[in-house]
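The values are calculated or read from the model by the stated rules, or taken from the named source; none is laboratory data. Nothing here was measured: the structure is a model prediction, and the numbers come from that model. Glycine also receives a Cβ, built like all others from the backbone with ideal geometry; neighbour counts cover every protein chain displayed. These accessible areas exclude ligands, DNA and RNA; they are computed on the full protein's heavy atoms, side chains included. Shrake-Rupley method; radii C 1.70, N 1.55, O 1.52, S 1.80 Å.
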Amino acid sequence: MKVGVIDSGAGGLTILNAIHKKLPYLDLLYLADDEFAPYGNKSLEQLENRLIQIGRFFEGEKASAIVVACNTATVTAIDALRANTSLPVIGVEPAVKPAFSISKQRKVAVLATPVTARSSRLNQLIDLWKADAQVSIMSSDSLAFDIDAWPETREKIEQTIHQLSVEMLEQQVDTLVLACTHYPLVKSLFEKELGSNCEIIEPSEGVTAQLERRLFHHYLDEMKMLTLSEKVSSVELCSSLGMNNMPRLMSWVSEPKGIVSQRAVKI
């Protein structure tokens, strides 16, 4: 069984790695939509049309489900994708609920791209779960895009994270929600700046659990057989920009031995 995973660049590999670890019998097809990146400066209509096209690509690849491993695409365009495909579609949402449940000082920061930070969906989630917590919604115009250009951009990324962390430390934030799938790739840099008194929450385990539930719901018999098998899964990496970024993508895959192909695709 093949699952398609989409992000604008490398960020969704944090989700792919979590899926590969927990559901090792699934074949995974990852699409880095580098040609259309960054998603954060695209209009709603552009993102909706792009996700519909990507859905058709995954259908052509015989995927059984699609994981939209991108916060920006989820909050802006996942409904359009779901309306145009019969495949199960799983999105990624900022993990604000667990953040509010563990925050001891009731001071939470949510770090997102500008599009996600402004989205009604994020603000609705915060209003639903924050209770008496103080919430700081923070954003960066460049961090996700710079992570895609790692390691050449490491110094710039470190400066950005330092500036954001100084603000969080001044506010005495004790829980940080990484509300972009790119950001967990540099989680260690946040940990270095914020120290052990700040918990850092990211969504990969929640997305993986939801994918598992949806697959069992739609493909019960096949999933039962897969869980009992000793099938070795494969990982395919695709980029809409060409092959130049493939070494960067491969460097973020936690089990690179599972990669069976790399290819450029046109969307």
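Cα centroids of segment 214-267 and segment 121-142: 32 Å apart. Taking max minus min of the alpha-carbon positions on each principal axis, segment 192-267 gives extents of 47, 39, 26 Å, largest first.
Close amide H pairs (under 5 Å, H built 1.01 Å from N) link residue 138 with 110, 111, 112, residues at least 5 positions away or on another chain. Computed from the alpha carbon atoms alone, the convex hull of segment 66-184 holds 106 Å³ per residue. Annotation: amide H-H contacts under 5 Å for residue 8 (H modelled 1.01 Å from N, sequence separation of 5 or more, or interchain): 33.
Cross-link partners among aspartates and glutamates for residue 257, C-alpha distance below 12 Å, same-chain residues fewer than 8 apart left out? The qualifying aspartates and glutamates are 236.
The orientation-averaged projection of the convex hull spanning the C-alpha atoms of segment 118-207 amounts to 6.4 square nanometres.
For segment 67-82 and segment 162-204, what is the separation of their C-alpha centers, rounded to whole Å? That distance is 24 Å.
Based on DSSP H segments of at least four residues, each scored -39500 (n - 2.57), the chain has a per-residue ellipticity at 222 nm of -14000 deg cm²/dmol.
Per residue, the Cα convex hull of segment 1-119 amounts to 110 Å³. Accessible area of residue 34 (1.4 Å probe, protein heavy atoms only, ligands and nucleic acids ignored): about 20 Å². For the pair residue 35 and residue 132, a Förster radius of 41 Å applied to the C-beta separation gives a FRET efficiency near 0.35, rounded to the nearest 0.05. Size descriptors for segment 75-134, from the alpha-carbon set: Rg then Dmax equal 13.8, 44 Å. Normalised radius of gyration (Cα atoms, divided by 2.2 N^0.38 Å) for segment 112-159: 1.47. Which of the lysines could a cross-linker bridge to residue 130, judged by Cα under 26 Å and excluding same-chain residues fewer than eight apart? Output for residue 130: 97, 104, 107, 187. To the nearest ten degrees, helix 204-218 and the longest principal axis of the Cα atoms of the chain are 30 degrees apart. Semi-axis lengths, largest first, of the ellipsoid equivalent to the chain are 29, 20, 18 Å, with √(5λ) applied to each eigenvalue of the Cα gyration tensor.
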